[in-house]
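First the structure, in the form of structure tokens, and then the observations on it.
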Amino acid sequence: MASKNFTRRDFIKTSTVAAAAGAVLLNAPKIIFGKGDSKTRVVLIRDAKMLDELNKPNADVVQKSLDKAVTTLLDVDDPVKAWKKLIKPEDIVGIKTNVWRYIPTTSEVENAIKKRVMDAGVKEDNIGIDDRGVLNNPIFQKATALINARPMRTHYWSGVGSLIKNYIMFVPAPSDYHDDSCADLAAIWKLPIVAGKTRLNILVMFTPLFHGVGPHHYSPEYIWAYKGLIVGQDPVACDAVGLEIIKAKRKEFFGEDRPLNVPAKHIQLADTRHHLGTADLNKIELIKLGWKEGILI
């Protein structure tokens, strides 16, 4: 049964965009939402030089890592050619970021994405980078393509802050989706403003937060320099991989399996209830590139 937050109005909205979303999906490279006979591909890339001693990202390494991840994901040998499979020159592109002050997406990731979107032929005036202001941002209001990029961290309401959850700012009242551990966050992805538009998902794993207590909690004790990016076209699969790493780090740190204070059920339900993508790790082709020390998966 769907959550009460997924209202009749939402159902009507999602139904009216089904045909349009389907047309976008038919023209998209590979399988965006991971529902097909083959495994969903996800790329995990790490580099020991991704961060400096103060955990500040190295812009050149970030660009190089993102390029390698995207070319591997799409089986293309050149990053510009790869991005041209994702983005068309006529697209209006919204880069949905995350500005939480303790662990943001980072300007280095945002700029690396923007550079390749422009290399694909999109005019700078047709590119927007935003988080909390997306509903009032003209670029996002008119967007034909979205790039979704956010860090992974534990979260008081949803278990983890995920790629799926990153679209909660596309609804006027985000708290409407907080019931039952934010179980139905994937319903947001069916709304007209985002449906069928996401071309790439980037889960930033530079310094993930693996434990927290209470709303907006942050402690440097519970982050670590993982120095990675998880990249894919299926947000559910990317989140499932990220969650597995968080769980492994918690076990390593606490010396035992320690469930999250709030279960991250929205990731599994994005697959089984909302059919947004694949949460089953056995159905994910995980390609691991770069630095292997402490990979945890």
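The values are calculated or read from the model by the stated rules, or taken from the named source; none is laboratory data. Note that the coordinates shown come from a computational prediction; the quantities given were computed from them, not determined experimentally. A quick note on method: Cβ atoms are made from the backbone with ideal geometry, for glycine too, and the neighbour counts reach across all protein chains shown.
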Selection from segment 130-174 of residues that are out of contact with any Pro (no Cβ under 7 Å at 6 or more places or on another chain) and polar (S, T, N, Q)
Asn136, Asn137, Gln141, Thr144, Thr154, Ser158, Ser162, Asn166
Within segment 28-43, is there a residue that is at pLDDT 95 or above and hydrophobic (A, V, I, L, M, F, W, C)?
yes
Failed item, numbered, when Glu108 is tested on (1) at pLDDT below 95; (2) charged (D, E, K, R); (3) within 19 Å of Ile223 (Cβ to Cβ):
(1)
Matching residues in segment 264-279 - criterion: being within 18 Å of Asp180 (Cα to Cα) and polar (S, T, N, Q)
Gln268, Thr272
Under 8 Å between Cβ atoms, at least 6 apart or on separate chains: pull out the pairs that start in segment 238-249 with a residue that is farther than 14 Å from Gly228 by Cα and end on any residue that is small (Gly, Ala, Ser).
Ala240/Ala279
Leu269 - would you say it is of a type in the set (A, V, I, L, M, F, W, C) and in contact with a Gly (Cβ under 8 Å, 6 or more places away or on another chain)?
no
Looking at (1) crowded, with 18+ Cβ neighbours inside 10 Å; (2) modelled with pLDDT of 95 or more, which is the only condition Glu90 fails?
(1)
Of all residues in segment 60-91, which are over 23 Å from Asn126 (Cα atoms), assigned to a helix (DSSP H, G or I) and touching a helix residue (DSSP H, G or I) at 6+ places or on another chain (Cβ under 7 Å)?
Val62, Thr71, Leu74
Test set (1) within 16 Å of His266 (Cα to Cα); (2) at pLDDT below 95; (3) in a loop (DSSP other than H, G, I, E, B) - Leu163 fails condition number
(2)
Residue under question is Ala143, and the condition is that it be under 28 Å from Val43 (Cα atoms), touching a residue at least 40 places away in the same chain (Cβ under 8 Å) and surrounded by fewer than 20 Cβ atoms within 10 Å (Cβ to Cβ); does it hold?
no
Odd one out for His266, checked against (1) in contact (Cβ under 8 Å) with a residue 12 or more places away in the chain; (2) touching a helix residue (DSSP H, G or I) at 6+ places or on another chain (Cβ under 9 Å); (3) surrounded by fewer than 20 Cβ atoms within 10 Å (Cβ to Cβ)
(3)
